[in-house]
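The values are calculated or read from the model by the stated rules, or taken from the named source; none is laboratory data. These numbers come from a predicted model, not from an experiment. Glycine also receives a Cβ, built like all others from the backbone with ideal geometry; neighbour counts cover every protein chain displayed.
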2 protein chains.
Amino acid sequence: MSDPSITGSSLSKGDRDIDRVTMTHGAGGRAMADLIRDVFHAALGNPWLDQGNDQAALPIPEGGSLVMSTDGFVISPLFFPGGDIGSLAVHGTVNDLAMSGARPLYLSASFILEEGLPLADLRRIVQSMAGAARDAGVAVVTGDTKVVDRGKADGVFITTAGVGVTPVGLTLSGDRARPGDGIVLSGSIGDHGMAVMAQREHLGFETTIRSDSAALNGLVAAMVSAAGPHLKLMRDPTRGGLAATLNELARQSGVGMRIDEQAIVVKAEVRAACEILGLDPIHVANEGKLIAVVAPDGVPALLAAMGAHPLGREASVIGRVVADPDGRVIMETPFGGGRLIPWMAGEQLPRIC
Amino acid sequence: MSDPSITGSSLSKGDRDIDRVTMTHGAGGRAMADLIRDVFHAALGNPWLDQGNDQAALPIPEGGSLVMSTDGFVISPLFFPGGDIGSLAVHGTVNDLAMSGARPLYLSASFILEEGLPLADLRRIVQSMAGAARDAGVAVVTGDTKVVDRGKADGVFITTAGVGVTPVGLTLSGDRARPGDGIVLSGSIGDHGMAVMAQREHLGFETTIRSDSAALNGLVAAMVSAAGPHLKLMRDPTRGGLAATLNELARQSGVGMRIDEQAIVVKAEVRAACEILGLDPIHVANEGKLIAVVAPDGVPALLAAMGAHPLGREASVIGRVVADPDGRVIMETPFGGGRLIPWMAGEQLPRIC
């Protein structure tokens, strides 16, 4: 339906003749049912979604624990080099599940649409989501759609929740780091955050940086298989970057961390973009990287398994866990000094995921 | 933190000295961790949430099927007679799970906060959510918080997802209605939608109508226990009201329905408010009612069980399933006539859930 009355919206205003989301799409009537069928089911279809109920009935998985996670996605812009809000919404929740060592199985997807969103954008996002889910081996089994009036959202927000199952006997948790454990990082940092920032027009620079947004469950399966009981915990350094994640883990485990600055890989163009913006890459979000804390005996096997996986090729030990009840994370510089890695209180990169 | 710069926001502007949500609360740093601890964990705390990980590891439930559901909540206003967005977000997903006959077990909760939201409002919402979860016997085991800039959301949006488990051997689904089955409605319709509409100032009327928002899992357990294999399906008539739900079910099962207008209970004040607004209560949302389709032999036991439960006291048979490949839903009037109950294409009541 064309809508000639678009004013004051954050949505693209170029083409008045394309189909857009209207309030009727959220009203519970036939327009909503048609949208769900034509856009969501067409792209995401699977036997559970196709049941057409308000919930999905699934086989009860076999394994150690049922794992559940959720993430909301409000990223701006919706499309960025290396991904979009749809693929990101799959990767984010798949990765949160995988960080527990779980095999991700099922996702739910809830959309909050702003009136006026071009239906072509929504289709592109949902198709991207479907591709990401297929690649990660998970099914989007149930969903929901709401529409809010123009100016009460920003294009589209997506919340995914996920369910997975851990292997019997595996318990990974943020409170399990102990002095002597190795801290492993799977690859370069800052790619996602800087790819998104580069897209925001007002920053006035263009680069070739692409988001690292990716599903880490394949890498995780290889890690669990290789390092098994030596593996203590994994976490993906998303919002707040490596610095926030290390500080969170140090606090949760009641330990300190010593990090070797030279062991942290930052791509040259990411470093350059960070310098322009006055950012330290350790505070910049990643969407396809993980940190693992592993007992010393497990380090060689873990690094070998990670190095053999496309998403872990640059994996390396970046530091070690030390005794420190104050939970300080210290960066050791090449010059033999050390500086505290702060846990930023404030906002560096808004709407990055 | 007080914020003197609130302009053009949909949030209340009365008190400039109260604490409000800022962009730092969504940045992944310490401010966010503090918000999560002080507001979310303080109200919702349970052993799984207290693990402090990005996911919850839960016991694998025993039963027939694992059931998963999600719903986004964008209701305006956030607070209304009989509930608020927090209790509604629990009831909505608990009910979607319960409609499959499942026992709801675990919820996730994802918050999208608008910069400037009073923290007191957020606390009240989260506490209401905690109370609703406690009453329904479910735990909020994991969550997420995002903050968007002022004018890019509307106070707070909440998406919940839930997991439950069905009894072995029970399969309820929207495609199981067959000619001859009875259609049972658990109580009066239109309460939620009219309670919310009455709150929206510009409608200019005040009533004593309260939302029926409630968790239906207790009622459902009694129904499953009483009617067991006779029960074909259940669904809660939320957005789009009774009319949309009956039409959806008729289409899904490939049957027609004949509804007895006189059997549908509408409270006098709801009917009056609907008349003022030119609405038919069959199109108005409910948040604490359900429709069940049941084989004729199961009707007496089902009605007895429902009548004995506080949320099913007014339960009655409102119609029957008939053969009709075109899936028509016909309202039979006291005068012996019949009229098609339309499946509204358009928007009647925006932002009702």
(Q) Here are the criteria: (1) outside any helix (DSSP H, G or I); (2) at pLDDT 95 or above; (3) closer than 19 Å to A:D71 by Cα. Tell me which single one B:G52 does not satisfy. (A) (2)
Q. Condition test on B:G256, is it without any contact (Cβ under 8 Å) to a residue 12 or more places away in the chain and not charged (D, E, K, R)?
A. no
Q | In the range B:57-108, residue farthest from the other protein chains (Cβ to nearest Cβ) [restricted to those that are of a type in the set (G, A, S) and part of a strand (DSSP E or B)] | A | B:G83
Q: Give the residue that is nearest to A:L249 (Cα to Cα), with candidates limited to residues of the range A:170-187 that are touching a Lys or Arg at 6+ places or on another chain (Cβ under 8 Å) and of a type in the set (A, V, I, L, M).
A: A:A177
Q) Pairs under 6 Å by beta carbon, first residue assigned by TED's automatic domain parsing to the domain that holds B:A98 and in contact (Cβ under 8 Å) with a residue 40 or more places away in the chain in the range B:52-72, partner buried (at least 23 other Cβ atoms within 10 Å of the Cβ) and of a type in the set (K, R), six or more apart or different chains? A) B:G72/A:K146
(Q) With the requirement that a residue be in a helix (DSSP H, G or I), at pLDDT below 95 and not aliphatic (A, V, I, L, M), what does the range A:18-40 give you? (A) A:T24, A:H25, A:G26, A:R30, A:D34, A:R37, A:D38
Q) So, in the range B:169-210, of the ones that are acidic (D, E) and at pLDDT 90 or above, which residue ends up surrounded by the fewest Cβ atoms within 10 Å (Cβ to Cβ)? A) B:D175
Q: Assess whether A:D54 counts as being facing chain B (nearest Cβ under 7 Å) and out of contact with any Pro (no Cβ under 9 Å at 6 or more places or on another chain).
A: yes
Q) Across the range B:40-74, what is the total count of residues that are acidic (D, E) and surrounded by fewer than 24 Cβ atoms within 10 Å (Cβ to Cβ)? A) 2
Q.
Looking at the range A:252-262, can you tell me whether even one residue there is over 24 Å from A:G92 (Cα atoms), among the acidic types (D, E) and either surrounded by fewer than 17 Cβ atoms within 10 Å (Cβ to Cβ) or not assigned by TED's automatic domain parsing to the domain that holds A:L97 (or both)?
A. yes
Q. Out of the residues in the range A:135-192 that are among the hydrophobic types (A, V, I, L, M, F, W, C) and in a loop (DSSP other than H, G, I, E, B), which is farthest from A:P300 (Cα to Cα)?
A. A:A153
(Q) Could you tell me how many of the residues in the range B:22-46 are farther than 17 Å from B:S128 by Cβ and of a type in the set (A, V, I, L, M, F, W, C)? (A) 7
Q: Considering only residues that are within 7 Å of chain B (Cβ to nearest Cβ) and under 13 Å from B:F73 (Cα atoms), look in the range A:154-163 and name the one that is surrounded by the fewest Cβ atoms within 10 Å (Cβ to Cβ).
A: A:F157
Q | Residue in the range B:130-153 that is farthest from the other protein chains (Cβ to nearest Cβ), counting only those that are of a type in the set (D, E) and surrounded by fewer than 21 Cβ atoms within 10 Å (Cβ to Cβ) | A | B:D135
(Q) Exactly one of these conditions fails for B:V284: (1) crowded, with 22+ Cβ neighbours inside 10 Å; (2) in contact with a His (Cβ under 6 Å, 6 or more places away or on another chain); (3) hydrophobic (A, V, I, L, M, F, W, C). Give me its number. (A) (2)
